[in-house]
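One structure is given here, and the rest of the page talks about it.
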Amino acid sequence: MIKFICALSDGMGGLSGGELASTIATKTLVEDYYKNIWNSDYQKYADFFRNESYKINDEILELKDSDGNPMRSGATLISCIVDDDNLYVLNIGDSRIYLARDNQFHQLTHDQNYYSRLLKMVQNGEISLADADSHPKKEALISYCGIKELTLIETNPQPIKLYKGDVIVMCSDGLYRLLDEQEILQLLQDGDDMNYLAYQLTNAANKKEFRGQDNTSVITIKIF
């Protein structure tokens, strides 16, 4: 039986604070998963993701600096659990999970930033799409680990069916802000070495040399 978890987190709030927050997010989630992996009551993965998200959020909120002041750091968090041919996902923030299948690229998560609210305003006729696209705060997160009240937690109670040849791409915003979906899909055609593919994707983003470029973290998983 194939059963595993992967997690990726992009830290916020300065170098030290962001690194600590992202470490807490991934370490807590993965360790708790493997502590309970064979528990028969543990297979409700959406519930697990939700409970862990609240736990992680509280831990990050409690972080303090060397002077005892609140650190005010945070982190995005995405995770995949593969259980045989079933996929369960978690998303908090604006890191993304994609599924590549039959030369098609599907985004499985939704960005939890202010732009998503702006688009709803566009749909309601309150503002124009141009106004939404040019809004100075469109990339501001409305959900992340370390927020005062965590209310947006994206999971899929019903599993996503996986098939041979599927490739799952987990990434921080440093990747998709610099490479479009076709560029990512093209690089995924390079073979079956997932470590090399993750390197290729990261390297392609870094070669863009975008001013103010964000960190780029990538995990690739292929179903055989």
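Give the relative contact order (percent, whole number) for the range 80-224; include only Cα pairs under 8 Å separated by 6+ residues. The value is 28 percent. Take the Cα of Arg72, step 7 Å toward its Cβ, do the same at Asn86, and the gap between the two points is 4.3 nm. In the chain, which helices (entire DSSP H runs) extend 27 Å or more along their own long axis, judged by Cα positions, while averaging at least 0.5 on the Kyte-Doolittle scale? Going by DSSP H runs, there are no hits.
Assign one of three labels to the range 1-112, namely rounded, prolate or oblate, based on the Cα gyration tensor with a ≥ b ≥ c the square roots of its eigenvalues; rounded applies when a/c is under 1.5, prolate when it is not and a/b is larger than b/c, and oblate otherwise. Oblate is the answer for the range 1-112, as a/c is 1.5 or above yet b/c matches or exceeds a/b. Since only Tyr34, Leu187, Pro159 are under comparison, the one whose Cα sits farthest along the positive direction of the charge dipole of the chain, derived from C-beta charges on Lys, Arg, Asp and Glu, is Pro159.
Only Lys, Arg, Asp and Glu carry charge here, each on its Cβ (+1 for the first two, -1 for the last two); on that basis the range 62-107 has a dipole of about 200 debye about its Cα centre. The order of Arg117, Arg101, Arg96, Arg177 by accessible area, most exposed first and with a 1.4 Å probe, is Arg117, Arg177, Arg101, Arg96.
Working from Cα pairs under 8 Å separated by at least six residues, relative contact order for the range 43-95 is 28 percent.
Rolling a 1.4 Å probe across all protein chains gives Glu126 an accessible area of roughly 110 Å². The residues Glu181, Glu154, sorted by heavy-atom accessible surface at 1.4 Å with ligands and nucleic acids left out, run Glu181, Glu154 from largest to smallest. Between the residues Gln123, His106, Gly18, the greatest Cα displacement towards the positive end of the dipole of the chain, with unit charges on the Cβ of Lys, Arg, Asp and Glu, is found for Gln123. Of the solvent-accessible surface of the chain, computed with a 1.4 Å probe and all protein chains present, 48% belongs to carbon and sulfur. For Lys55, a cut-off of 17 angstrom between C-alpha atoms picks up these aspartates and glutamates, skipping any fewer than 8 places away in its own chain: Glu31, Asp32, Asp47, Glu149, Glu154. Over the range 53-199, accessible surface divided per residue gives 52 Å², non-protein components excluded, 1.4 Å probe.
Taking a ≥ b ≥ c as the square roots of the eigenvalues of the alpha carbon gyration tensor, the chain is rounded, as a/c is under 1.5. To the nearest 10, the accessible area of Ile60 is 0 Å² with a 1.4 Å probe.
Taking the Cα centre of the range 83-224 as reference, the dipole from Cβ charges on Lys and Arg (+1) and Asp and Glu (-1) amounts to some 300 debye. Where a ≥ b ≥ c are the square roots of the eigenvalues of the C-alpha gyration tensor, would you call the range 96-135 rounded, which needs a/c under 1.5, or, failing that, prolate if a/b is larger than b/c, or oblate? Note, shape of the range 96-135 comes out prolate.
The values are calculated or read from the model by the stated rules, or taken from the named source; none is laboratory data. Bear in mind that the values here come from a model prediction, so they are computed numbers and not experimental data. Backbone-built Cβ (ideal geometry, glycine too); neighbour counts: all protein chains shown. Side chains included, ligands, DNA and RNA excluded: accessible areas come from the protein's heavy atoms. Shrake-Rupley method; radii C 1.70, N 1.55, O 1.52, S 1.80 Å.
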